[in-house]
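First the structure, in the form of C-alpha cells, and then the observations on it.
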Amino acid sequence: MISNKTILIGISVAAIAILAFQFFSQEDPTLPRIEASPDTTLSQLPDFSTFKDVKEKKEAFFTTLYPIIEEENKQIIKVRNAIINLQALPFESLEPKQLAWIEKVRDYYKVDNESVSQDTFTDLLKRVDVIPPSLALTQAAIESGWGSSRFSRQGNNLFGQWCFTKGCGMVPSARDDDKAHEVAEFGSVNKSVRAYLKNLNTHSAYQTLRDKRAAIRNDSKKLTGISLAQTLTEYSEEREKYIAKVSRFINQNKLQRFTQQFEQSLVAEATIVR
C-alpha cells in the first residue's frame, strides 16, 4: 500500500517540476516579440486599377503599404535594441530567459551558431536591422506591377518571392519544365512585407546588402534606399539593370520622403536606432 506521505512527496515533486518548467519556459516580458503583432491586418490589396489618375494611383499604393512597412520595421528596431542591451551586459550574468530569447532570435534570423556566445550578438546585429521604406515601396511596386499581378492579387506576393516545396504557392505559367519553384502565397499583405524584410535580412544572396548596411551604421550615416539598392544584383535576372531601375524609380517618385517620414516617426516616439 502506498502511504499518504509518499503521495504527498510525489505531489510536491510534481508541483516543483511544473513551477520550474513555467519559470524557465515563460517569456521575459521585458523582451520584445520577434514578429510584429499588427493592430490591423490587411488581408488583400485594394484594387488600384479603379484609379484613373496615374498620380493618384501611385500615391494610393504608397500610402497603403507604408504603414505596414513602418510597423514591421519598428518591430525589428525593438528587437535590435534589445539585442544591444543584452550584449552590453556581462555574458555570464545573462539569465536563462534572456539566453532562450536570443536563441529564438538566432533561429528566426538563421544565424549559424550552435550555441549562444558574444559572437552571436555580432552576427545578429548584421541581420536584425531595417530596410528603408523607399526601397521596400519601390520593390513592391516593380515586382507586383503596382499591385496588379496575379501573384499579388491572389497570393499577396508583392515582392516576387519564391518557395520550393510542392504546393507552397502558385505555379508560374511560364516556368520551365526543369524548374520546381513556385511563387509563395501569404495570408495577408503584412505577412508578405514581413517575409520580404526577413528575406533580405537572412538570405545568402543579400550578404552584401547586410555588410553595406552595417558599414553605414558604423560610420553613423543614414540608411537610404538608393545606397542599399546598389547591392541587389542577385534580386533579379536583370542584375545591374535592375539596380538602375530601382534607383531611378526611387528618385522619380521622390520616395526618400517615406524614409524621412519613418525617421521622423522614430524621433517622435523617442526610439533610438543603434
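Among the residues in segment 20-40, are any part of a helix (DSSP H, G or I), under 20 Å from Pro133 (Cα atoms) and at pLDDT 95 or above? Steps first, please.
Taking segment 20-40 first, the residues part of a helix (DSSP H, G or I) are 20-25.
Now narrow it down to the ones that are under 20 Å from Pro133 (Cα atoms): none.
No, that holds for no residue.
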- Item | Selection count where residues are touching a residue at least 12 places away in the same chain (Cβ under 8 Å), assigned to a loop (DSSP other than H, G, I, E, B) and surrounded by fewer than 14 Cβ atoms within 10 Å (Cβ to Cβ), scope segment 102-131 | 2
- Message: Being touching a Phe, Trp or Tyr at 6+ places or on another chain (Cβ under 8 Å) and touching a residue at least 24 places away in the same chain (Cβ under 8 Å) is true for just one of Ser134, Ser152, Ser188. Which residue is that?
- Response: Ser134
- Can you tell me which residues in segment 29-59 are more than 30 Å from Asn201 (Cα to Cα) and of a type in the set (Phe, Trp, Tyr)? Phe51
- Query: Taking the condition surrounded by fewer than 18 Cβ atoms within 10 Å (Cβ to Cβ), modelled with pLDDT under 95, within 27 Å of Ala140 (Cβ to Cβ) and of a type outside the set (Gly, Ala, Ser), does Asp53 pass?
  - Reply: no
- Query: Name the residues in segment 206-238 that are closer than 22 Å to Asp123 by Cα, in a loop (DSSP other than H, G, I, E, B) and of a type in the set (D, E, K, R), would you?
  - Reply: Asp219, Lys221, Lys222, Glu234
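The values are calculated or read from the model by the stated rules, or taken from the named source; none is laboratory data. Everything numeric in this text was worked out from a predicted model, so none of it was measured. Note that each Cβ is placed from the backbone with ideal geometry, even for glycine, and that neighbours are counted across all protein chains shown.
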